Structure formats: structure tokens, C-alpha cells
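Some notes on the structure that comes next.
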Amino acid sequence: RAGSAGRFPDPSYPASARAARQQGTVRLLVTVEASGIPSAVEVTTSSGSGALDNAARDTISRRWRWPSGSVRKFIIPVRFVLQ
């Protein structure tokens, strides 16, 4: 089935955070509906940067898709590291 594997693109590194040399890991509590679409994305542990936290939260809520199934909850760490 097309799309049954899910879609999980990496968030873009915010330009303001890159310029400020901000790095960190944000942990998010994500509630996924039976349709595979996230209905709630909450920061449980901040990266220390609002820009990084928002980039991770927005990408997951707008672009991530799980295979359909039951309602699920996940803790998802998103790590931002400057190369």
C-alpha cells in the first residue's frame, strides 16, 4: 500500500538558531490518531531553544504521518546538531 510505511522528514534547522550556534535535543509527546495523523504534539523536555523546539513541533504536527492503526502515543527525541 502506498504510504503505509509512514513519512518522517527531518525538521529544517532554523536560521536564527544556526546563526546563534544553538544545538540541543527536544523531546516531544506525540498523540497519533487512528488515521496516522498527529493530533497533539507537546514539548516534554526543551532543547533550551524556542526556535529549535518550535521547528521540531511544527514539522511533526504538519508533515509526519504514521501508518493507520490504533490511537498511539510516542515520546520522540529530535536532535539538532550543527555540522
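Take the chain with all the other protein chains still there, run a 1.4 Å probe, and you get 60 Å² of accessible area per residue.
Taking 25 Å as R0, compute the FRET efficiency from the Cβ-Cβ separation of Ser70 and Glu42 and round it to 0.05. Numbers along the way, then the final one.
Values: r = 20 Å, r/R0 = 0.79.
Once rounded, the FRET efficiency stands at 0.80.
What is the angle, in °, between the Cα long axis of helix 50-63 and the longest principal axis of the Cα atoms in the chain? Nearest 10 is fine, range 0 to 90. Once rounded, one gets 20 degrees. Just the protein heavy atoms count here, and of the accessible area of the chain at 1.4 Å, carbon and sulfur take up 49 percent. Spin-label model, Ala19/Ala34: points 7 Å from Cα along the beta carbon direction are separated by 4.7 nm.
Calculated on the alpha-carbon coordinates, the convex hull of the range 9-57 measures out at 68 cubic angstrom per residue. For the chain, applying the loop criterion from DSSP together with a ceiling of 13 other beta carbons within 10 Å to the trypsin sites (Lys or Arg not before Pro) yields Arg1, Arg21.
The values are calculated or read from the model by the stated rules, or taken from the named source; none is laboratory data. None of these values were measured; they are calculated from a predicted model. Counting neighbours? That spans all protein chains shown, and the Cβs are built from the backbone with ideal geometry, glycine included. Just so you know, the surface numbers come from the protein's heavy atoms only, side chains and all, with ligands and any DNA or RNA stripped out. Shrake-Rupley method; radii C 1.70, N 1.55, O 1.52, S 1.80 Å.
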